[in-house]
Amino acid sequence: MSLSLNVLIVEDETPAVEKLERYLQKYSAEINVKGVCDSIESAVTWLQANQSSIDLVFMDIQLKDGLSFGIFQKVNVHKPVIFITAYNEYALEAFKVNSIDYLLKPVTFPDLSASLQKLENLRDQLVMNESKLEKIKSLAVQTTAKSFKARFMVKVGDHIRSITTDQVILFYADGRDVYLVTQQLRKFIIDFTLEALEEVLTPNSFFRVNRTYIISIHFIQDVVMYSNSRLKIATIPVWDREIIVSREKVSEFKDWFDGISV
């Protein structure tokens, strides 16, 4: 590996710092630890003075003076963050800031390697450059100008009903059939493919998370970290099948969930 990085470690346990430094050197001799902070206060001070000198932050969640999420309330952290913690209940909170991964202690070298490989794959996408800003502005103009589908006609026996999109929690494909699912968990076959739905549904509200599902943001109850850097979605009302954001869609989903791609 020849990944070149300058990193900051925010961790209050010396053995954990030393272990992480060993793993980073093992992954690449060109990774330099520019600083180590053991508290919210010291991390805020360090970042205010030196953030431009680093490429990545490794951050424990439980520090001696509180949860490290407090750092983001005091300083604008614009570098990618990999959270390392012994507790998994903070995953959704970590997801809300600019984290690229969430590792549980004890961290193994394969865990760390996977996270750094992910950083390498996403590195060009992590910085909001002028090109991406222009693309977002262009998309916003197109979205405003384009007319999206507001309702779907469905058959119920010999009857025909119209269902508005604000009643839809998700669409899914099962073989050649595509179903619309309402907030009452009623299912209706519709005469659309998922590819066609992507063109007629407003991207403000709907996102295709994998080959099977398009989901509505209004009915997402929770998003949790899942295996192999994927995400698992829970809806309200509860859908009884797993909805997993495919690995190649995770970065785009985070932008959509954060309102960046609208």
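The values are calculated or read from the model by the stated rules, or taken from the named source; none is laboratory data. These figures come from a predicted structure and were not determined experimentally. Methodologically, a virtual Cβ is constructed for each residue, glycine included, from the backbone with ideal geometry; neighbour enumeration extends over all protein chains shown.
A few notes on this one:
- Qualifying positions in the stretch 212-253 - basic (Lys, Arg) and either in the same structural domain as Leu104 (by TED's automatic domain parsing) or more than 27 Å from Asp111 (Cα to Cα) (or both): Arg241
- Filtered residue count, the stretch 179-202, keeping only those that are part of a strand (DSSP E or B) and either in contact with a helix residue (DSSP H, G or I) (Cβ under 6 Å, 6 or more places away or on another chain) or not assigned by TED's automatic domain parsing to the domain that holds Lys232 (or both): 1
- In the stretch 185-202, residue nearest to Phe219 (Cα to Cα) [restricted to those that are in contact (Cβ under 8 Å) with a residue 40 or more places away in the chain and either exposed (fewer than 12 other Cβ atoms within 10 Å of the Cβ) or of a type in the set (A, V, I, L, M) (or both)]: Leu185
- Given (1) modelled with pLDDT of 80 or more; (2) surrounded by fewer than 18 Cβ atoms within 10 Å (Cβ to Cβ); (3) in contact with a helix residue (DSSP H, G or I) (Cβ under 7 Å, 6 or more places away or on another chain), number of the condition Ile82 does not satisfy: (2)
- Scope the stretch 203-251; condition assigned to a helix (DSSP H, G or I), surrounded by fewer than 17 Cβ atoms within 10 Å (Cβ to Cβ) and of a type in the set (Lys, Arg); matching residues: Arg247
- Filter result for Ile160 (exposed (fewer than 14 other Cβ atoms within 10 Å of the Cβ), modelled with pLDDT of 90 or more and of a type in the set (Val, Ile, Thr)): yes
- Val224 closer than 18 Å to Tyr90 by Cβ, at pLDDT below 95 and β-branched (Val, Ile, Thr): yes
- Residue pairs whose Cβ atoms lie under 6 Å apart, separated by 6 or more positions or on different chains, with the first residue in the stretch 86-114 and basic (Lys, Arg) and the second part of a loop (DSSP other than H, G, I, E, B), are Lys105/Ala86.
- Conditions (1) part of a loop (DSSP other than H, G, I, E, B); (2) surrounded by 17 or more Cβ atoms within 10 Å (Cβ to Cβ); (3) not aromatic (Phe, Trp, Tyr): number failed by Lys254: (1)
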